[in-house]
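The values are calculated or read from the model by the stated rules, or taken from the named source; none is laboratory data. Only a predicted model underlies this, so the values are computations on that prediction, with no experimental measurement involved. Counting neighbours? That spans all protein chains shown, and the Cβs are built from the backbone with ideal geometry, glycine included. Side chains are part of the model used for accessible areas, which takes the heavy atoms of the whole protein and leaves out ligands, DNA and RNA. Shrake-Rupley method; radii C 1.70, N 1.55, O 1.52, S 1.80 Å.
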Amino acid sequence: MAKGRDAVRDEPAPPRTAHSRPPREREAEGRAPVPARPGSRADASDPPEGFTTDGAPSPVGSRAAAGGAPEEAVGRSPEEAGERIIEGIAAAPGLVLGPAWVYKPPDLTVPPPAGPVEPEAEVARWEAARQQVRTRLDHLAARAREQAGEEEAAIFAAHQLLVDDPELDQRVRQAITAEGRTAAAAVAAVTESFAQALEQLDDEYLRGRAADVRDVGRQLLAALLDVPLDLAPEEPSVIVAHDLAPSDTARWPRERVLGLVTEAGGATSHVAILARGAGVPAVAGAAGAVAAVTPGQPVVVDGSAGRVILNPSPERRRAVEQATAAQAERARRLAALRDLPAVTRDGRRIELAINIGRPEEIGAAEAYGPEGVGLFRTEFLFLDRSRPPGEEEQRQAYAAAVRALRGRRLVLRTLDVGADKRLPFIDWPEEMNPALGLRGARLGLARPDLLRTQLRAVLRAAAEGPISVMFPMVTTREEVRRLRQAVEEAAASLDREGIPRGRVEVGIMVETPAAALAARALAREVDFFSVGTNDLTQYTLAVDRTSQEVAALYDALHPAVLRLILEVGRAAEEAGIWAGVCGELGGEPLATPFLVGAGITELSMHPRALWEVKQVVRGIRYDEARQLAEELVALATGEEVRRRLRGFLEERGLTVEG
């Protein structure tokens, strides 16, 4: 479909000139990676925590970037007097020193009934407990959203679905009425049965969700037994536990959690996801940690190397504190970049935007100086409800984001569900491989009622400011044309009804090799591309990154992935449209020279990554990065790519983690 129609931005789009090794936790499965060199990224762009106002280390606890301490201090022999080193799995990067706080979960043993069980009363107690847990999960989701982000908060939306699961409700009621159990005994039996059933499945992702079922069951039991779950450290501490549930991690005040150490779990657990999102160093799989730790004992957590050091020597403590002080100075230097433009040394302008899941995240990110939103995930409006949101509810949410941006561009992704995100009001087909099934824009085309309502809401919100709409999981030109037609039809319907609307850019997410290889043809149909590097990497390398068995193969800097991104960037340049990256690779400073050289002109990321990516952009030349990009796609492995990127940056006085 030709561009320039009424609903589509017909003036020229403004120039859009513009993390990724495999996640370090993936490297840690089965071995500890070598600590990063001093001055590496980790959370360098975070406002430093564990510091006094003048940047000195806090007397209670201090945090530094992963690898910030000299390697000889962090990786010393365990034979040093008084020290004990426990090796584990790198779950969330960072280096921290603080006092240990040992967490022991409350006793939720179900007592025998005191007398005859009254089914009606027990069912009423079951309903009251569900409502109490719903309220608690709302609170936990809000806290996770504030401390980590929307993706982390979605964990608790999934927990809400478990609480409201009809089969769970039916099984608990049956255990009460037909088997004569108390509500607590019924919940304990049914949730454990559900968890054990999940653990028997072949699917790694579903097996991992057994922990979520047990977490929800534990919260329901606590409500029924009137057992408080609010135990928390009184001062900033390193929390040491056998295992932690997501609800444990989210409920603790962020300022009191310096680091996390668990004997169980791994790098792909929900606790690890929450820790990474909140910038908390974490080590999982630290066998024997609970028995070895004395409450209040000083502990070093090296979340990048997967190492816990008990009772660190004075020399090591000084090294960690020095690294923390250096990190504070680095953070101050990066903060000075906030209001400077992201422009290469030879004048190439790169737009640095943020990924969000709710409008209120924009205000929280303003401290980092984003130039817009490069990915607005709209799923939050659709999750945890029995029917889809209406047009007006969606319009209000989208318009709130537009107003918060005050004239900066909002790139909005239409509903992206399917695969592991299922909505209760959709009749999902049985699929052997849902990751390749009815998801993303495919669902929108199959359910035009949902798509039309969302597009009308987007167009109405666009009356208040600039919006670009993009469709996920698109692979063919025919799909693009049908989607653009849907935009035109939504605009025409609003015009017929006399409802004010704006114009929008129309683009697609490039998430499959098919879309990347067809980029030159697709570029003639759209106003922009946005590369979703997470899915693009999975589909290119045929790797499920949630599977511990093959996660080490997931590498967003694999030359095959880079070649596809380069194809997209060059196609966009030839067609005169802009191309962005909104996957994790967009926030990886090590990858920035390649992305800039590949023709990517917009990078969207977590707010905490903005400053360091900007530092790299301002320290390189586009002409040199362009030559580098062509060189990188000819290499054989991701490790070769990393070495060349590090060398490129070091030659220009830049050092990042990678």
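If you check V216 against the conditions, is it β-branched (V, I, T), at pLDDT 90 or above and under 21 Å from R251 (Cα atoms)? Against the criterion (β-branched (V, I, T), at pLDDT 90 or above and under 21 Å from R251 (Cα atoms)), V216 qualifies.
A quick yes/no check of all residues on (1) under 20 Å from I356 (Cβ atoms); (2) aromatic (F, W, Y); (3) open to solvent by 10 Å² or more (accessible area, probe 1.4 Å):
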site: G569; (1), (2), (3): no, no, no
site: E584; (1), (2), (3): yes, no, yes
site: H606; (1), (2), (3): yes, no, yes
site: V617; (1), (2), (3): no, no, no
site: D623; (1), (2), (3): no, no, yes
site: E640; (1), (2), (3): no, no, yes
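Against the list (1) crowded, with 20+ Cβ neighbours inside 10 Å; (2) at pLDDT 95 or above; (3) not aromatic (F, W, Y), the condition E631 fails is (1). Given the criterion surrounded by 22 or more Cβ atoms within 10 Å (Cβ to Cβ), more than 18 Å from the chain's Cα centre (by Cα) and assigned to a loop (DSSP other than H, G, I, E, B), identify the matching residue among A305, A319. So the residue among A305, A319 that is surrounded by 22 or more Cβ atoms within 10 Å (Cβ to Cβ), more than 18 Å from the chain's Cα centre (by Cα) and assigned to a loop (DSSP other than H, G, I, E, B) is A305.
Looking across A400, A367, one residue alone is hydrophobic (A, V, I, L, M, F, W, C) and within 23 Å of P589 (Cα to Cα). It is A367. Listed by position, the helices (runs of 4 or more DSSP H) enclosed by the stretch 606-658 that each have at least 2 residues that are within 18 Å of D555 (Cβ to Cβ) are 622-632, 638-650. Go through the residues of the stretch 395-416 one by one and say whether even a single one is over 19 Å from A441 (Cβ atoms), modelled with pLDDT under 95, in a loop (DSSP other than H, G, I, E, B) and not charged (D, E, K, R). Taking every residue of the stretch 395-416 in turn, none turns out to be over 19 Å from A441 (Cβ atoms), modelled with pLDDT under 95, in a loop (DSSP other than H, G, I, E, B) and not charged (D, E, K, R). Tallying residues that are open to solvent by 20 Å² or more (accessible area, probe 1.4 Å) and out of contact with any helix residue (DSSP H, G or I) (no Cβ under 9 Å at 6 or more places or on another chain) within the stretch 528-549 yields 0.
The residues listed here are A521, A514; of these, the one that is open to solvent by 10 Å² or more (accessible area, probe 1.4 Å), over 28 Å from A551 (Cβ atoms) and hydrophobic (A, V, I, L, M, F, W, C) is A521.
Of the numbered criteria (1) surrounded by fewer than 18 Cβ atoms within 10 Å (Cβ to Cβ); (2) under 26 Å from the mean Cα position of the chain (by Cα); (3) among the hydroxyl-bearing types (S, T, Y), the one S313 fails is (2). Pairs meeting the criteria (first residue in the stretch 561-574 and within 12 Å of T601 (Cβ to Cβ), second residue open to solvent by 60 Å² or more (accessible area, probe 1.4 Å), beta carbons under 9 Å, at least 6 apart or on different chains) are lacking.
Can you give me the number of residues within the stretch 345-371 that are under 14 Å from E602 (Cβ atoms) and of a type in the set (V, I, T)? Of the residues in the stretch 345-371, 2 are under 14 Å from E602 (Cβ atoms) and of a type in the set (V, I, T).
Scan the stretch 244-269 for residues that are closer than 16 Å to A141 by Cα, surrounded by 22 or more Cβ atoms within 10 Å (Cβ to Cβ) and in contact with a helix residue (DSSP H, G or I) (Cβ under 7 Å, 6 or more places away or on another chain) and the total you get is 5.
For the stretch 327-341, the candidate set comprises residues that are in contact with a Gly (Cβ under 6 Å, 6 or more places away or on another chain) and part of a helix (DSSP H, G or I); within that set, the residue that is least open to solvent (accessible area, probe 1.4 Å) is A328.
Every condition in (1) assigned to a loop (DSSP other than H, G, I, E, B); (2) open to solvent by 50 Å² or more (accessible area, probe 1.4 Å) is met by P370 except one, and the failing one is (2). Would you be able to say whether some residue in the stretch 342-363 is in contact with a Cys (Cβ under 7 Å, 6 or more places away or on another chain), over 22 Å from A625 (Cβ atoms) and at pLDDT 90 or above? Among the residues of the stretch 342-363, at least one is in contact with a Cys (Cβ under 7 Å, 6 or more places away or on another chain), over 22 Å from A625 (Cβ atoms) and at pLDDT 90 or above, which makes the answer yes. Taking the listed residues A241, A197, A272, A188, the one that is within 27 Å of G357 (Cβ to Cβ) and either open to solvent by less than 50 Å² (accessible area, probe 1.4 Å) or of a type outside the set (D, E) (or both) is A272, with no other qualifying.
Could you go through the stretch 217-231 and let me know if any residue there is within 24 Å of N311 (Cβ to Cβ) and open to solvent by less than 50 Å² (accessible area, probe 1.4 Å). Checking the stretch 217-231: not a single residue is within 24 Å of N311 (Cβ to Cβ) and open to solvent by less than 50 Å² (accessible area, probe 1.4 Å). Checking the stretch 551-564 against the condition returns no match, with no residue being under 24 Å from A331 (Cα atoms), modelled with pLDDT under 95 and not aromatic (F, W, Y). Taking first residues from the stretch 253-265 that are among the hydroxyl-bearing types (S, T, Y) and partners that are crowded, with 19+ Cβ neighbours inside 10 Å, the Cβ contacts under 6 Å between residues at least 6 apart in sequence or on separate chains come to T262/A241; T262/L244; T262/A284. Can you name the residue in the stretch 106-126 that is open to solvent by less than 80 Å² (accessible area, probe 1.4 Å) and not in a loop (DSSP other than H, G, I, E, B) and, of all such residues, is farthest from P228 (Cα to Cα)? By that ranking, first place goes to P119.
Might you check whether a residue that is at pLDDT 95 or above and open to solvent by 10 Å² or more (accessible area, probe 1.4 Å) occurs anywhere in the stretch 465-474? Yes, some residue in the stretch 465-474 is at pLDDT 95 or above and open to solvent by 10 Å² or more (accessible area, probe 1.4 Å).
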